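The values are calculated or read from the model by the stated rules, or taken from the named source; none is laboratory data. None of these values were measured; they are calculated from a predicted model. Every residue, glycine as well, gets a Cβ built from its backbone with ideal geometry; the counts of neighbours run over all protein chains shown. Keep in mind that these areas ignore ligands, DNA and RNA; they rest on the heavy atoms of the full protein, side chains included. Shrake-Rupley method; radii C 1.70, N 1.55, O 1.52, S 1.80 Å.
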Amino acid sequence: QYATLGGGKRVRPVLTLRACEAVGGQRADAVPAAIALEMIHCFSLVHDDLPALDNDDLRRGRPTTHKAHGEALAILAGDALTSVAVEVALESRLRPAEIARELASATTAMISGQVYDTLGGFPGTPDAGAKLRLIHDHKTGALIRCACRMGALCGTPDEARLQALSVYGDAMGLMFQVVDDILD
């Protein structure tokens, strides 16, 4: 509860709900996917704040999960959010397996982006711009793209709309990260 209910913009769940509506779906059908995605986002924040990564003391104006409850519980809370998120995604009324697959794939991509950002290990020998784009596409962009795709899958998408929402999600993810970097 501490890690998930502490405030925030909820951009990803809103995108999920709106993408569902954009393809003619009912907002209620996208609620499990939206909740699952926010749980993954919260897991990423809990782990990102840990001493081994960013070592942050505050998140959204209050102590980070590891500062409030200890490092061990923060790690376990993040881990639990991951598995519970998949359970919630599978409660989706339409295409639960596809929605869970999108969520798992985006989670893996987000973790890869964190690896690139924290440890390097880039595939090949990309230049600085390509490295930055790879980090942004994975670390932030993957979950935003997933929000749009999962929302569409909760509705009645045709291939053209699903593709359009995927492109939109990619652009939003890049914009979101660029703005965040500028604010930092």
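Quick notes
- Taking a ≥ b ≥ c as the square roots of the eigenvalues of the alpha carbon gyration tensor, the range 48-126 is oblate, as a/c is not under 1.5 and a/b does not beat b/c.
- In this structure, A164 and L119 have a Cβ-Cβ separation that, at R0 = 41 Å, corresponds to a calculated FRET efficiency of about 0.75.
- The L53 and V11 beta-carbon pair, evaluated with R₀ = 30 Å, returns a calculated FRET efficiency of approximately 0.90.
- Taking only protein heavy atoms and a 1.4 Å probe, the accessible area of the chain is 58% carbon and sulfur.
- Radius ratio Rg over Rh of the chain, counting only Cα atoms, Kirkwood formula for Rh: 0.97
- Taken per residue, the accessible surface of the range 58-184 reaches 54 Å², heavy atoms only and a 1.4 Å probe.
- Of the DSSP H helices in the chain, those that are both long (alpha-carbon extent of 20 Å or more along the helix axis) and hydrophobic (Kyte-Doolittle mean at least 0.5) are 27-48, 71-89, 159-183.
- In this simple spin-label model, placing a label point 7 Å from the Cα along the Cα-to-Cβ direction at both L73 and A171 gives a separation of 4.4 nm.
- Near R93, once Lys and Arg are set to +1 and Asp and Glu to -1 for all other residues with Cβ below 13 Å from its Cβ, the sum equals -1.
- Centre-to-centre separation between the Cα atoms of the range 17-64 and those of the range 108-184: 15 Å.
- Simple spin-label estimate for A130 and L183 gives 3.1 nm between the two label positions (7 Å along the Cα-to-Cβ direction from each Cα).
- Leading residue at positive end of dipole, the chain (Cβ point charges), from L153, F122, A77: L153
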